[in-house]
Structure formats: C-alpha cells, structure tokens
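*Asks:* One structure, pasted below without further comment.
The values are calculated or read from the model by the stated rules, or taken from the named source; none is laboratory data. The structure presented is a predicted model; accordingly, all values stated were derived computationally and were not measured. Heads up, the Cβs are rebuilt from the backbone with ideal geometry, glycines too, and the neighbour counts pull from every protein chain shown.
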Amino acid sequence: MAHFTYLGVLAFCLLGTGWLELLLRTRVYRRALRLLAAIVPVLIIFTAWDVYAISRNHWSFDSRFITGISVIGHVPLDEVCFFIVIPVCAILTLEAVRSARGWTVGDERVTRTSEDTQ
Amino acid sequence: MTYTELAITAVVLVVLFDLFVFRTSLVKRKVFWVSYSIIISFQLITNGVLTGLRIVRYSGDAIVGSSTPSHHAPPFFGDGRIAFAPFEDLLFGFALVLLTLVMWVWLGRLGVQRTPMAGPPHKLVSRLLRTQDASEKSQ
C-alpha cells in the first residue's frame, strides 16, 4: 500500500475539491473539452520541466512511496498525475470562488469596461 | 540552471503570458488572489506531506537550502524551507496554477465551452454564504 502514498495525496486533492462541482455548481467537469484543452499545454510544459529536473538531479523520489511506473525520461506516473490533478483543483477553486462571490474572471460575454477588472 | 533560477524564470514568464500574451490579466483580479490563497493553503499541507515524508527529495545543489537529509525529515521552517518544502516549490506551484488558469480563461474567451457558467451555488451553500455575508457586515 505504501506504493500508493503519492497517489493517495492526489486522491485527497480530488476528493477535497470534487464537492465544489456539486455544491457550488462550478461546472468544470461538465465542460470537459475546455478542461482538457486547458490542461494539455500545462501538462506538456511541466512534464518537460520534470524531465530536465530529474535528469539534473534537482529532485528524486523515494521508490517505496510511488507506483514505480515511469512514463518518459524517468518521470514517475505519479508526477504526471500531479500535473493533471493540480490544474483540475486550481480551476475548480477559481470557479468555486466565482460562484460564491459572483466576481468576474475575464471570460464573461460583456464589453470590457473598468468594472471588468475587479 | 538550478531549481531556484528555473522557478523564478517560470513565475516571470507566466505573469508576462497573463498580462501581455494571452491578456487574461488574472493577476489584476481579486478572484485570482482569493483562489490562489485557498490553493496555497492546501499546497502547504499536501506538499508538506510529500516533502516531510521525503517522498520527494531535493538536491542542495539545485535549491537555496540544503539537500533533503537521508535519515530524517528536513526542517519544517528555515534553511530555505517552508512547511518542509523548498520555498522554490511555492514559485513552481504559482507558475503551475497561474498558467492553468490563464489557459482556462483564455479558452473561455475564445468561446470554448464558455457556458454553462459556474453558479449559482446549491441552496444549502448559498444559505451559508448569505449568513457569512451578514455576519461580515455586522462586524
């Protein structure tokens, strides 16, 4: 089970933000295409950073706590999951704050005025 | 480049993307800073687990602080660390989160699933939020 520690932390993040979709009606998972399109470039850039950092030994992983599956350039599967889960959580948080507070984010269909930048 | 140099570069680049490339101007919006302050609180907890348990270890050559010790946890605070993690992780996280949100908002502006928009909250929550607003006003 120790091998799932890293993934367990990510599962905690998904559970911790998942309820926002239901109770704050963030409609992020519902807009799956936009979610996917937003995450892919981030995933590519940060995985590339990870490949470089691991190759230069900036950081390394304790093999007891990760799945042991590598994706590319010694990047653990766990890390790739991180670059998917954290962006999802970030978007859910932004949309939850918008839902709760009604603040503008910048994608509203309005003519841009000074009110737009709150 | 060291992790420190890369992390600072990433933050500068992503802020420039936000302001001048994608023109989402999230760093000028209250909604971003409130969201980010929520995210950073949870980052300190989850990243504290990953770094405190030494699931992820850092080389002293790449960060301002020292290497993750091999037989015990790194300092909770000090030696370039905040909640066990190198402070560079906060810059990394900021760049990751801001870039994600820039992409999300930019796509919405382009018309990629701009709707259905978020909100309003479920009745249970909106009742709670209203109570909170009322108590803020009364203070």
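*Asks:* Among the residues of segment B:1-12, write down those that are more than 10 Å from chain A (Cβ to nearest Cβ) and either in contact (Cβ under 8 Å) with a residue 12 or more places away in the chain or among the basic types (Lys, Arg) (or both). Working first, answer last.
*Replies:* The initial filter retains those residues of segment B:1-12 that are more than 10 Å from chain A (Cβ to nearest Cβ), namely B:5, B:8-9, B:11-12.
Residues satisfying the conditions are B:8, B:11.
*Asks:* Suppose we keep only residues that are more than 21 Å from residue A:89 (Cβ to Cβ) and among the small types (Gly, Ala, Ser) within segment B:74-118. Which one would you say is surrounded by the fewest Cβ atoms within 10 Å (Cβ to Cβ)?
*Replies:* B:78
*Asks:* Does any residue in segment B:82-109 that is within 13 Å of residue A:83 (Cα to Cα) and of a type in the set (Val, Ile, Thr) come within less than 6 Å, Cβ to Cβ, of a residue that is modelled with pLDDT of 95 or more and assigned to a helix (DSSP H, G or I) six or more places away or on a different chain, and which pairs are these?
*Replies:* Matching pairs, first to second residue: B:97/A:90; B:97/B:39; B:100/A:42; B:100/A:87; B:100/A:90.
*Asks:* Residues A:47, A:26, A:5, A:67: which one is assigned to a loop (DSSP other than H, G, I, E, B), farther than 30 Å from residue B:122 by Cα and of a type outside the set (Gly, Ala, Ser)?
*Replies:* Values: A:47 fails: assigned to a loop (DSSP other than H, G, I, E, B); A:26 fails: farther than 30 Å from residue B:122 by Cα; A:5 fails: assigned to a loop (DSSP other than H, G, I, E, B).
Of A:47, A:26, A:5, A:67, the one residue that is assigned to a loop (DSSP other than H, G, I, E, B), farther than 30 Å from residue B:122 by Cα and of a type outside the set (Gly, Ala, Ser) is A:67.
*Asks:* Could you list all residues from segment B:93-122 that are within 7 Å of chain A (Cβ to nearest Cβ), within 14 Å of residue A:38 (Cα to Cα) and assigned to a loop (DSSP other than H, G, I, E, B)?
*Replies:* B:112, B:113, B:114
*Asks:* Further, regarding this structure: Mind checking which pairs have a first residue in segment A:49-65 that is closer than 15 Å to residue B:47 by Cβ and a second that is among the polar types (S, T, N, Q), Cβ under 6 Å, 6 or more apart or different chains?
*Replies:* Close Cβ pairs satisfying both conditions: A:65/A:5.
*Asks:* Hey, another quick one. Being in contact with a helix residue (DSSP H, G or I) (Cβ under 7 Å, 6 or more places away or on another chain) and surrounded by 14 or more Cβ atoms within 10 Å (Cβ to Cβ) narrows it down to one residue among A:72, A:84, A:54; which is it? Don't jump to the end; show me each part of the working.
*Replies:* On the way: A:72 fails: surrounded by 14 or more Cβ atoms within 10 Å (Cβ to Cβ); A:54 fails: in contact with a helix residue (DSSP H, G or I) (Cβ under 7 Å, 6 or more places away or on another chain).
Checking each option against the conditions leaves just A:84.
*Asks:* A further question follows. If you go through segment B:33-51 one residue at a time, do you hit one that is at positive phi and at the interface with chain A (Cβ under 7 Å from one of its Cβ atoms)? If you could, list the steps in order and put the result at the bottom.
*Replies:* Filtering segment B:33-51 for residues at positive phi gives none.
No, every residue in segment B:33-51 fails to be at positive phi and at the interface with chain A (Cβ under 7 Å from one of its Cβ atoms).
*Asks:* Exactly one of these conditions fails for residue B:68: (1) modelled with pLDDT under 95; (2) touching a Lys or Arg at 6+ places or on another chain (Cβ under 8 Å); (3) β-branched (Val, Ile, Thr). Give me its number.
*Replies:* Looking at each condition in turn, residue B:68 falls short on (1).
*Asks:* Condition first: more than 9 Å from chain B (Cβ to nearest Cβ), more than 30 Å from residue B:1 (Cα to Cα) and within 13 Å of the chain's Cα centre (by Cα). Can you find one or more residues in segment A:21-43 that meet it?
*Replies:* Within segment A:21-43, one or more residues are more than 9 Å from chain B (Cβ to nearest Cβ), more than 30 Å from residue B:1 (Cα to Cα) and within 13 Å of the chain's Cα centre (by Cα).
*Asks:* Another question, then. Being more than 12 Å from the chain's Cα centre (by Cα) and among the polar types (S, T, N, Q) is the filter; apply it to segment B:1-45 and report the residue that is surrounded by the fewest Cβ atoms within 10 Å (Cβ to Cβ).
*Replies:* Among residues in segment B:1-45 that are more than 12 Å from the chain's Cα centre (by Cα) and among the polar types (S, T, N, Q), the one surrounded by the fewest Cβ atoms within 10 Å (Cβ to Cβ) is B:9.
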